[in-house]
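Enquirer: Quick one: this structure, given as structure tokens, is what I'll be asking you about.
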Amino acid sequence: MLLVYMSIVGNTKRFVDKLDMPSLEITENNCFTEVDEPYVIIIPTYDIETTDPMNDFIETGDNQSLCRGVIGGGNRNFGKDVFCYTAQDISLDYDVPLLHRFEFMGSSNDVKKVKEIIEEIENADSTTA
């Protein structure tokens with residue numbers, strides 16, 4: 001499973017690195033990249049203008065059909081309604097499940113949980129292929 005992510009200050013990248021899986025970091029320079037395999041989005045919480053490149057990525061080619069869900073990173077200090085709202089918006093806008101939320105660069109429990117979620121998705125994909 002490919003992990004497609006944005007990392008504005010580096011926390012999301014540190015989390016993705018802990019997962020030790022194939023990944024693609026989305027920036028303004030590569031946001032129109034097309035992929036040919038299922039992926040999960042991992043995105044921090046920022047205003048829409050900052051995370052617009054992820055929307056461009058999702059809407060490029062067949063990328064939207066290959067998205068299996070979204071995982072959000074954030075800071076609980078900003079409040080319950082703001083925590084991981086970018087991931088929640090993507091989930092609603094593109095009709096994909098919100099799979100998990102983590103704070104800052106994620107804990108070892110978050111890493112374990114996300115690996116389990118990815119394995120479940122891969123198993124489900126292999127039975128429908």
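The values are calculated or read from the model by the stated rules, or taken from the named source; none is laboratory data. Note that the structure is predicted; figures quoted are calculated from it, not measured. A quick note on method: Cβ atoms are made from the backbone with ideal geometry, for glycine too, and the neighbour counts reach across all protein chains shown. With ligands, DNA and RNA removed, areas are computed over all heavy atoms of the protein, side chains included. Shrake-Rupley method; radii C 1.70, N 1.55, O 1.52, S 1.80 Å.
Enquirer: Given H placed 1.01 Å from N in the peptide plane, which residues other than close sequence neighbours of residue 69 have an amide H under 5 Å from its amide H?
Expert: The answer is 41.
Enquirer: Peptides 7-18, 116-127: what's the order by average Cβ count within 10 Å, highest mean first?
Expert: 7-18, 116-127
Enquirer: Also, I was wondering about something else. How would you classify segment 57-114 from its alpha-carbon gyration tensor, with a ≥ b ≥ c the square roots of the eigenvalues: rounded for a/c under 1.5, else prolate if a/b is greater than b/c, otherwise oblate?
Expert: oblate
Enquirer: Please label the shape of segment 24-77 as rounded, prolate or oblate, based on the square roots a ≥ b ≥ c of the eigenvalues of the alpha-carbon gyration tensor (a/c under 1.5 means rounded; beyond that, a/b larger than b/c means prolate, else oblate).
Expert: In terms of gyration-tensor shape, oblate.
Enquirer: Per-residue HN-Hα couplings for segment 33-50, Karplus 6.51 cos²θ - 1.76 cosθ + 1.60 at θ = phi - 60°, whole Hz, x for Gly and Pro?
Expert: Values per residue, Gly and Pro as x: 6, 9, 10, 10, 8, x, 8, 10, 8, 10, 9, x, 9, 8, 5, 4, 5, 5 Hz.
Enquirer: Related question: Which whole-number percent is the relative contact order of the chain (Cα, under 8 Å, 6+ apart)?
Expert: 24 percent
Enquirer: Another question, then. If I compute solvent accessible area with a 1.4 Å probe over the protein chains, what percent of it on segment 16-60 is carbon and sulfur?
Expert: In segment 16-60, the share of accessible area belonging to carbon and sulfur is 43 percent.
Enquirer: Just to confirm my numbers, what's the Cα centroid distance between segment 106-126 and segment 64-86 in Å?
Expert: 16 Å
Enquirer: Starting from the eigenvalues of the Cα gyration tensor, five times each then square-rooted, give me the equivalent ellipsoid semi-axes of the chain, largest first, whole Å.
Expert: Those come to 20, 18, 14 Å.
Enquirer: From the backbone phi of segment 108-122, what are the Karplus-calculated ³J(HN,Hα) couplings (6.51 cos²θ - 1.76 cosθ + 1.60, θ = phi - 60°) in whole Hz, Gly and Pro given as x?
Expert: 5, 5, 5, 4, 4, 4, 5, 4, 5, 4, 4, 4, 4, 5, 4
Enquirer: Ok, one more. What is the sum of charges around residue 108, taking Lys and Arg as +1, Asp and Glu as -1, for the other residues whose C-beta is under 12 Å from the C-beta of residue 108?
Expert: With Lys, Arg at +1 and Asp, Glu at -1, the neighbours total +3.
Enquirer: Here's a follow-up. Based on DSSP H runs of at least 4 residues, each adding -39500 (n - 2.57), what is the mean residue ellipticity at 222 nm of the chain after dividing by all its residues, to the nearest 500 deg cm²/dmol?
Expert: -13000 deg cm²/dmol
Enquirer: Next up: Sort 46, 5 by heavy-atom solvent-accessible area, probe 1.4 angstrom, most to least.
Expert: Listed by decreasing accessible area, they come as 46, 5.
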